[in-house]
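Below: one structure, written as structure tokens.
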Amino acid sequence: MGLTRGLVLGAGTLLFIAGNCLAHGRSAGGSHAGLDIPEISHGEMAVISDYRRGIIELASQAVDTNEPFRRILNYAEIQYSYCIWGRVPGSVTDEESPFNECAHAYLAATKAVLMAMRDMPREAHAAGEIISAVDADMVRRGLALITCRFSGQAFNTADIIKPRWSQVPLHPASMAWLTGVAALVGLAVLALRRVLRPRAQSSE
């Protein structure tokens, strides 16, 4: 069961990456027909990423929502998948990572969703608690003034920010992780063949 799960996850990741590699940077030619999303600082990213799951769960359970809220929430989840679900080491913390800009995008959208929930009667209390925790963490970790080249960059729901795949070979952490995923899938395939071969022979 563990082998099969690892094979499926690894193969799924590689297939997603292969499809994602067909395009680079922003999609839709930088169109701004969608909803604007305020920028997020590099320091905020590091903290918001720790609370992302709780924010998205709270937002997904919200009942009294409007279309802009749902569109930004959807964008946050789409961007998260394009950024390989935040799995690549350094995607959030390393400005030089080929995945850093796309991480800015999904975390900026996550922050926008959180801030919007302050005005929702049912979610306001829980959202306020998360915001207070985020603020306290930023002060404790001294991240309030940390910026990077993407910190002043706003986003738009019409633009999907994709990893900079051409820069992956130049970023050791990203290259090592992707190589490891490919190796894991290769080993899983070999192991699965060894398991299935005796069964095929015994059925002849």
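The values are calculated or read from the model by the stated rules, or taken from the named source; none is laboratory data. Computed from a prediction, not measured in an experiment: that's the story for all the values here. A quick note on method: Cβ atoms are made from the backbone with ideal geometry, for glycine too, and the neighbour counts reach across all protein chains shown. Heavy atoms of the whole protein, side chains included, go into the accessibility calculation; ligands, DNA and RNA do not. Shrake-Rupley method; radii C 1.70, N 1.55, O 1.52, S 1.80 Å.
Below 11 angstrom from the Cβ of Val47, what's the summed charge of the other residues (Lys, Arg +1; Asp, Glu -1)?
Numbers: positive: Arg52, Lys111, Arg140, Arg141; negative: Glu44, Asp50, Asp135, Asp137.
Net charge in that neighbourhood comes out at 0.
Its alpha carbons give the range 146-186 an Rg and a Dmax of 14.4, 41 Å. Apolar share of the accessible surface for the range 38-83: 43 percent from carbon plus sulfur atoms, 1.4 Å probe. Using only alpha-carbon positions in the range 117-204, the gyration tensor eigenvalues give semi-axes of 46, 23, 16 Å once each is multiplied by 5 and square-rooted (largest first). Only Cα pairs under 8 Å and at least 6 apart count here; give the relative contact order of the range 69-184 as a rounded whole percent. Relative contact order here is 37 percent. Quick one: Cα centre-to-centre distance for the range 56-115 and the range 123-188, in angstrom? Result: 9 Å between the Cα centres.
Could you state the accessible area per residue of the range 51-171 in Å², with a 1.4 Å probe and every protein chain left in place? It would help to have the intermediate numbers written out before the result.
On the way: 5820 Å² over 121 residues.
Roughly 48 Å² per residue, with all protein chains present.
Using a probe radius of 1.4 angstrom, the carbon and sulfur fraction of the accessible surface of the range 116-195 is 62%.
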